[in-house]
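Read the structure below first, then the notes.
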Amino acid sequence: LASKLPLSSNEPDLIILEFAVNDYEGQDHLHGIKYQASVFFDGFMDITLCSEVVIHSLLKRYKNTAIVFLEMQTAVLSRKTGALLHMGVATHYQIPVISYAETLFQIFNELVRKLERIDPISYSFLPSELVFSKDNNVTTSALFPYPHGCSPCQPQHILNTFRAGGCKSICTFVERSNIVKDRKLKCKDIQSGRRECFVPYLAPDAVHPSAAGHGIVMDLLVHALASAQRSSCEGEGTLYKSELPMTTFVAKTATELEVRSDFLVVHDVARIFSRWDQLKPVGDPEGFTRYADDSLKQRPGWIATDPSGGNKISFPIDLPPNECYVIYVAILKSYTGMGTMMIEVRDYGDKERNSMPPKHSTRKKVDGLWKSPISVWNDVQITDDNVAGCTGYCEVDITTDPTVSGRDGNKVKILTVSARRCSKGHH
């Protein structure tokens, strides 16, 4: 958000953009995905455009700031991660990339292949293969040196939240990747005298880095910065400022990038930004309650679950009048238990007119259910650029529908209501 960035007179030296392992909008969490045919899924361009908007905004605001991408990787080998989405943007805008995947997963793949040759059913090894002994600085490791080889499971370093599942073995990662078709794996049926293979840099969920993995990430960043400094001191390479390219990547025009980054207000429930513009309703909600429904109680929202529908809540947008604004509502999208809703933006132009009939009304049916087995928020554009759906003060009304036939729930969860200016020429 351009309005959230610090002033250009206080430029940072370095901005690191980390695209996390689940930045593929849920597509990478499909089990048994035919990823060769499903890479460019519906919504791919929208997420790539989001990445381009971020880079364009930063380069335009901070002309003397270095920017790098940090790309992560999961252990589920069939999952495509954020790198696939963002590498095109990095290439077009000449952004350096620090890759966690390149550092660890080439040898990870070699380890998997080596274990497969030793034991193709459970990917186990013999204690005699612990050839890299433990000393003052190195943990015991098999087949490859630490941290690339098989190391003992250390559950004491797993957070209590994830400890119930214990360490996950290479066999489990391969099984979850769904890449073995010619035999049945037995990841929990290890032959007597053999050991499971655990790698120390992956968390028990098989998706995120462990504490050791995060330590490796920090080492990579420090190494990259130190190498760049050394090259500069030794006169290698040429220092230059990052300039915006002559063309865009996926956006139609540079104006589109500027408009999409110019959000004027984001009213949110979970305090995304340091300055909190709270998402407060107009009057008393009917059937909506603000609470956190996740197991960690860290993701609050305005939630309604009545099977009969008819729950209602309204939120205000109060901006300078006689302008054109585009309204967004961020909702929880999930693969089970979700309902549909009608979202209406009622435009009054000026707050003093809210007791009168609205000047204009925009209605949109929105569904909280999708096929991808992951629960993430999704920003839904309600009004268009080419129609003045909000011209100052407007109210966003949300009404839940009755449970859709065949569904196992009717939950609607609202996370943010936001507004940006319309594209120029469409006022």
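The values are calculated or read from the model by the stated rules, or taken from the named source; none is laboratory data. Owing to the predicted nature of the structure, the values given are computational and were not obtained by experimental measurement. Heads up, the Cβs are rebuilt from the backbone with ideal geometry, glycines too, and the neighbour counts pull from every protein chain shown. Side chains are part of the model used for accessible areas, which takes the heavy atoms of the whole protein and leaves out ligands, DNA and RNA. Shrake-Rupley method; radii C 1.70, N 1.55, O 1.52, S 1.80 Å.
Please find, among Ser295, Ser308, the residue that is under 24 Å from the mean Cα position of the chain (by Cα), surrounded by fewer than 21 Cβ atoms within 10 Å (Cβ to Cβ) and not in a strand (DSSP E or B). Spell out the reasoning first.
Numbers: Ser308 fails: under 24 Å from the mean Cα position of the chain (by Cα).
Of Ser295, Ser308, the one residue that is under 24 Å from the mean Cα position of the chain (by Cα), surrounded by fewer than 21 Cβ atoms within 10 Å (Cβ to Cβ) and not in a strand (DSSP E or B) is Ser295.
Among the candidates Asn386, Asn378, single out the residue that is under 25 Å from the mean Cα position of the chain (by Cα) and more than 23 Å from Gly283 (Cα to Cα).
The conditions single out Asn378.
What tally of residues in the stretch 354-384 results from selecting those that are open to solvent by less than 30 Å² (accessible area, probe 1.4 Å) and touching a residue at least 60 places away in the same chain (Cβ under 8 Å)?
Final tally of qualifying residues: 2.
If only one of Val76, Val54 is open to solvent by less than 10 Å² (accessible area, probe 1.4 Å) and either of a type outside the set (Asp, Glu) or over 26 Å from Asn178 (Cα atoms) (or both), which one is it? Walk me through how you get there before you give the answer.
Details: Val54 fails: open to solvent by less than 10 Å² (accessible area, probe 1.4 Å).
Checking each option against the conditions leaves just Val76.
Exactly one of these conditions fails for Thr305: (1) within 26 Å of Glu258 (Cα to Cα); (2) touching a strand residue (DSSP E or B) at 6+ places or on another chain (Cβ under 8 Å). Give me its number.
So the condition that Thr305 fails would be (1).
Step by step: first the residues of the stretch 159-179, then only those that are of a type in the set (Val, Ile, Thr) and loosely packed, with under 15 Cβ neighbours inside 10 Å, then the one that is modelled with the highest pLDDT. Which residue is that?
The first filter runs over the stretch 159-179 and keeps only residues of a type in the set (Val, Ile, Thr), leaving 161, 170, 172, 174, 179.
Then keep just the ones that are loosely packed, with under 15 Cβ neighbours inside 10 Å; that gives 161, 179.
Details: Thr161: 62, Ile179: 84.
By that ranking, first place goes to Ile179.
State which residue is modelled with the lowest pLDDT when the search covers only the stretch 315-343 and only residues that are open to solvent by 40 Å² or more (accessible area, probe 1.4 Å) and under 28 Å from Ser405 (Cβ atoms).
Within the stretch 315-343, the match that is modelled with the lowest pLDDT is Tyr335.
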